[in-house]
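First comes the structure, then the notes that go with it.
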Amino acid sequence: MARMSFMDHLEELRSRLLKALGGMGVAFLACLFLGPQLWDIIEKPAHRALVNLKVNPPDLVLINPMDAFQIIWMKVPLLCAIFVASPWVLYQVWAFIAPGLYKREKRWAAPFVISSSLLFILGGLFAYFVAFRYGLEFLLGIGMGSGIRPGVDASLYYDLFVDVMLGVGVIFEIPVMLFLLTLIRVASPAFLVRHSRYAILIIVILAAVITPTGDVFNLTLFATPMIVLFYIGIFASYLLVLNRENRKFPWRTFLMWSVVGIIGLCVIGYLAALYYGYHFVARWPLFVK
């Protein structure tokens, strides 16, 4: 790749983009036949939130006559196609970068594609079952005590759904991004650890913006996964550096202390919840007194 000219790089980029778009097109056609079923899944969080808020009927509102067609038969299949085709798209990203890597580094292709795809899909699942589902009920119920009756526009609801799903999906790619930066020698584990306090500060601020409530438990619910993902990225980068230097990682000691740490964190969290009088409920805001 170092011997490729600038125009050759552009041609390679163009080829990879066309292949990625082709995979997206195939996934879109496959999802197109399931448009109504996929919309039923997307609409469920709104329906559940309205039912819990005792809004009758618990249905979304259609203002523009064209919205239903655009959402069900165009926008919903496109969103689902992004998640379905993500392994293929990420493979094209790797295929564009791989020629510039050493031979031993090219062996990371399968782990890169599999882990990045799984993290992106896992982020979408976290957004759907936690962030969006419970946050929506809180947001819709804010003004009900002031004589406001929720009436959710289907188009605006879908736009919010897309923002949350893709936003959280991208956030879950933090470990892959850090690993990739280390792979192309832009960053190093030592550099990431040295500046981790700034990263944690940014993560907590971002979690405070995402979390509608102001209590520490629900703030922690959103901030903790992002902080964990950040350190997983540093750990993956460290494994890469060890591999470059032909050194081995002490997995047995690491796993033992990891189990001890997880148990300790669970105990601390349980005791803190008891001390402050919080308990878990299966609705937003999840932890209440």
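What number, in percent, do you get for the relative contact order of the chain if the mean sequence gap of Cα pairs under 8 Å and at least 6 apart is divided by its residue count? Rounded, it is 18 percent for the chain. Specify the longest stretch of the chain that does not include any exposed loop site, a site being one of the chymotrypsin sites (Phe, Trp or Tyr not before Pro) with a non-H, G, I, E, B DSSP assignment and at most 15 other Cβ atoms within 10 Å. Looking at the chain, 103-289 is the longest stretch - no exposed chymotrypsin sites (Phe, Trp or Tyr not before Pro) with at most 15 other Cβ atoms within 10 Å.
Span-like helix criteria (full DSSP H runs; alpha carbon extent of at least 24 Å along the helix axis; mean Kyte-Doolittle hydropathy of at least 1.6) are satisfied in the chain by 109-126, 216-244.
Quick check: net charge around Ile72, other residues with Cβ under 11 Å of its Cβ, Lys/Arg +1 and Asp/Glu -1?
Numbers: positive: Lys75; negative: Asp40, Glu43, Asp67.
After counting each charged neighbour, the total is -2.
Residues whose amide H comes within less than 5 Å of that of Asp153, counting only those at least five positions distant or on another chain, are Val61 (H built at 1.01 Å from N in the peptide plane). Highest GNM mean-square fluctuation among Leu183, Leu265, Leu18, for the chain modelled with Cα contacts below 10 Å: Leu265.
Comparing mean-square fluctuations of Val26, Val204, Val259 from a GNM of the chain with C-alpha springs under 10 Å, the top value falls on Val259. On full extension, the segment bounded by Lys54 and Glu11 gains 9.8 nm, given 0.36 nm per residue less the C-alpha separation. Just checking the listed ones, Pro175, Pro65, Pro111: in the Gaussian network model of the chain with Cα springs under 10 Å, the one fluctuating most is Pro65. Pairs of Cα atoms nearer than 8 Å and 6+ residues apart set the relative contact order; for the stretch 1-172 it is 32 percent.
The numbers here are math on the coordinates, done by the rules we state, and not lab data. As the structure is a prediction and not an experimental result, all values here were calculated from the model. Glycine also receives a Cβ, built like all others from the backbone with ideal geometry; neighbour counts cover every protein chain displayed.
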